[in-house]
Amino acid sequence: MKAYQENTLEGIAFPVITVNQTGDVCAISPSVSPFFKRNSKQRPTSINDLLPNYMAAFGGKLKAKDPLETTLPLFCDTGRKRWIKASAHPLNDGNGHIQILFEDVTQTKTRYDLALQAKTIAKVGSWTVDLTTNTLVWSSMTKRIHEVAQDFVPNLEKGINFYKEGTSRERIIAAVSDCIATGKSFDLELIIITAKGNEKWVRSIGHAEQINGKTIAFSGVFQDIDEAKRERLKYEALSERLKIGIDSANVGVWDFDLINNELFWDDKMYQLYGVDKEDFDAVYDAWERTIHPHDKERAAKEVTMAINGEKDFNTEFRILKKDGSMAIIHAEAKVFRDENGKPYRLIGANTDVTNIKQTDNRLRRLLNVTEKQNQRLLQFTNIVSHNLRSNSSNISMLAGMLDTDLSAGQQTEFIDMIKTSAERLDETIVQLNEIVKIQATDTSEMAPVGIKTTVEKVLQSVNALLLQADAKVNLDVDENLTVLGIKPYIQSVFMNLVTNSIKYKRPDVPVEISISAKVAKGKTMVKFKDNGLGIDLKKHGSKLFGMYKTFHNNKDAKGVGLFITKNHMEAMEGSIALESSVNEGTLFHLQFINQAN
């Protein structure tokens, strides 16, 4: 019989042996030795020679009536572990012999173990509901997630009651009911309360098994996602707070892919730049085209320097919007580099700081005006102290002399002198009052004023003086040119300059006045030139615009004209300067603003 068995296994290409119920080898196929990496001359006498502990797995004795299957580890001489699947089947030969087929399932077992390990790490379990028997089966991991004992026996009602009362329980009941009724699958993220009272986020996925359109069972996976879900909720909350902060701060975020030359903007960026999404081709050049021409080269250079690691990208530049308006943008960005230090990405934020800059400029001007006003106040105090005291002291002294014995003629002379001093005192008070009015002017009253029409009205008002002086006036000013100012002040400025040109003309030389204007960088520059006596700037340059400062022996000179003119210009946030040469004339430079900054 043994010889017969040997012969029957001789032609089998698979590793097969025949054993009795105690594991003794009765027959062996030729491929067994190479399969187990054994010398073919060392014939095994027991299955334990091939798979140690095989018999122990079955209690030391094999059953000849039922198929047996097991998978056991086999350690090679190299120390490497193989997994061998042994499938035993009774021969029914009347002797109780069993035939065992061996299969190397190392790769399959490894993949299975890795999958099992991954499930354990991912905390993924499974479940099955059999509607025909109304039973629910949980895998070991599913029980661990619910924090119940491994011998816990669940049912559908118990399983559903683990879900937190409220939204989570209502959603799982609706999903299970729909799955049973229609076979619709579900994938939900819900909260359960574990057997230990812990609140936990889980993901439950279910699929129905149907026969003839009727659901007979449904099963799925069950995953513990608590940690990841809570982190995601924190992130979403943080993102929402960040979005609210960015929106309220008027901040736009952008992402520049340096490798593919692609520029991505969020919605706020399009709002800041006044650009339509469909008109923006999402490249660096498109951004560069929006920058003010005077700032473009500098902004591009700063981007390059940031990419090259020479400096951080933290700058400001002006942009021109589609509607023609201009805005000031503050931009910051971070450069991302790979492990070799090569830049591959630039992420940044833009803020519209136009209002901030305008407010800052107004504050700076206000501080400047305040400083100038303080200086003028000190000067004004000195003027008041000197001029009023001089005139009042003179009157007091003359009045005191009237108390002495004087002849009628002397009394008349002193009275005339007192009248003259009183007139001068009144004139001084009027002049000082005019200065106070100028310095107390609210610049919010400023409005557009036409330069050419204003000058023409001034020339008409002094037409007789111009004819008497045989004056020629060249007016080269655009008809539509306007500046922001106070009309009476601008009239006063040109009135002072025109009358001074006549008052301080050169003898026997006809007066010639030239007035021109041009616009540059939001300012209007007016040039007023005459051919009069001129001023010795080396001698008088430091006191040109001082009060009561005169530079010629003209009996009508009072020394307040240029002082008032300068105060008028500064009250309108403008300025005045001059160039002059003796006996050649004077050139005044008047600077006006075109719009509110």
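Ile513 satisfies every condition listed in (1) out of contact with any Asp or Glu (no Cβ under 6 Å at 6 or more places or on another chain); (2) modelled with pLDDT of 85 or more except (1). Taken together, Gly559, Gly546, Gly585 contain a single residue that is at pLDDT below 85 and farther than 25 Å from Leu366 by Cα, which is Gly559. Residues in segment 269-289 that are part of a helix (DSSP H, G or I), modelled with pLDDT under 85 and more than 18 Å from Ala299 (Cβ to Cβ): Lys277, Glu278, Asp279.
Taking every residue in segment 288-311 that is touching a residue at least 24 places away in the same chain (Cβ under 8 Å) and pairing it with any residue that is part of a helix (DSSP H, G or I) and among the aromatic types (Phe, Trp, Tyr), at least 6 positions away or on another chain, the pairs with Cβ-Cβ distances below 6 Å are Thr290/Tyr273.
When Asp476 is tested against (1) surrounded by fewer than 17 Cβ atoms within 10 Å (Cβ to Cβ); (2) closer than 18 Å to Ser581 by Cα; (3) touching a residue at least 40 places away in the same chain (Cβ under 8 Å), just one condition goes unmet, and that condition is (2).
Given the criteria among the aliphatic types (A, V, I, L, M), surrounded by 14 or more Cβ atoms within 10 Å (Cβ to Cβ) and at pLDDT 85 or above, does Val458 qualify? No; evaluated as a whole, the condition is false for this residue. Restricting the first member to segment 123-147 and to residues that are within 13 Å of Val202 (Cβ to Cβ), and the second to residues that are surrounded by fewer than 16 Cβ atoms within 10 Å (Cβ to Cβ) and of a type in the set (D, E, K, R), the beta-carbon pairs closer than 7 Å and six or more apart or on different chains are Glu147/Lys196. For segment 488-536, a tally of residues being part of a helix (DSSP H, G or I) and farther than 15 Å from Leu562 by Cα returns 1.
Filtering segment 308-317 for residues that are in a strand (DSSP E or B), modelled with pLDDT of 90 or more, closer than 14 Å to Asp255 by Cβ and more than 15 Å from the chain's Cα centre (by Cα) leaves an empty set.
Residue by residue, here is whether (1) farther than 30 Å from Ala571 by Cβ; (2) touching a residue at least 24 places away in the same chain (Cβ under 8 Å); (3) assigned to a loop (DSSP other than H, G, I, E, B); (4) not assigned by TED's automatic domain parsing to the domain that holds Asp267 holds:
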{"site": "Asp323", "(1), (2), (3), (4)": "yes, yes, yes, no"}
{"site": "Ile329", "(1), (2), (3), (4)": "yes, yes, no, no"}
{"site": "Ala333", "(1), (2), (3), (4)": "yes, yes, no, no"}
{"site": "Phe336", "(1), (2), (3), (4)": "yes, no, no, no"}
{"site": "Asn340", "(1), (2), (3), (4)": "yes, no, yes, no"}
{"site": "Tyr344", "(1), (2), (3), (4)": "yes, yes, no, no"}
{"site": "Arg362", "(1), (2), (3), (4)": "no, yes, no, yes"}
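If the condition is being on the phi < 0 side of the Ramachandran plot, assigned to a loop (DSSP other than H, G, I, E, B) and exposed (fewer than 12 other Cβ atoms within 10 Å of the Cβ), then segment 156-180 contributes only Glu165. Give the residues of segment 266-289 that are under 16 Å from Val353 (Cα atoms) and not charged (D, E, K, R), sorted by residue number. Answer for segment 266-289, where residues must be under 16 Å from Val353 (Cα atoms) and not charged (D, E, K, R): Met269, Tyr270, Gln271, Leu272, Tyr273, Gly274. Scanning segment 213-246 for residues that are more than 22 Å from Leu190 (Cα to Cα), of a type in the set (A, V, I, L, M) and modelled with pLDDT under 90 yields Leu242, Ile244, Ile246.
Selection of segment 310-331 for residues being exposed (fewer than 15 other Cβ atoms within 10 Å of the Cβ) and either aliphatic (A, V, I, L, M) or within 16 Å of Ile347 (Cβ to Cβ) (or both) yields Asp312, Asn314, Met326. Within segment 12-30, the set of residues being surrounded by 16 or more Cβ atoms within 10 Å (Cβ to Cβ) and within 12 Å of Tyr54 (Cβ to Cβ) comprises Ile17, Val19, Gly23, Val25.
The values are calculated or read from the model by the stated rules, or taken from the named source; none is laboratory data. This structure is a prediction, so every number in the text was calculated from the model and none was measured. Neighbour counts run over all protein chains shown; Cβ positions are idealised from the backbone, glycine included.
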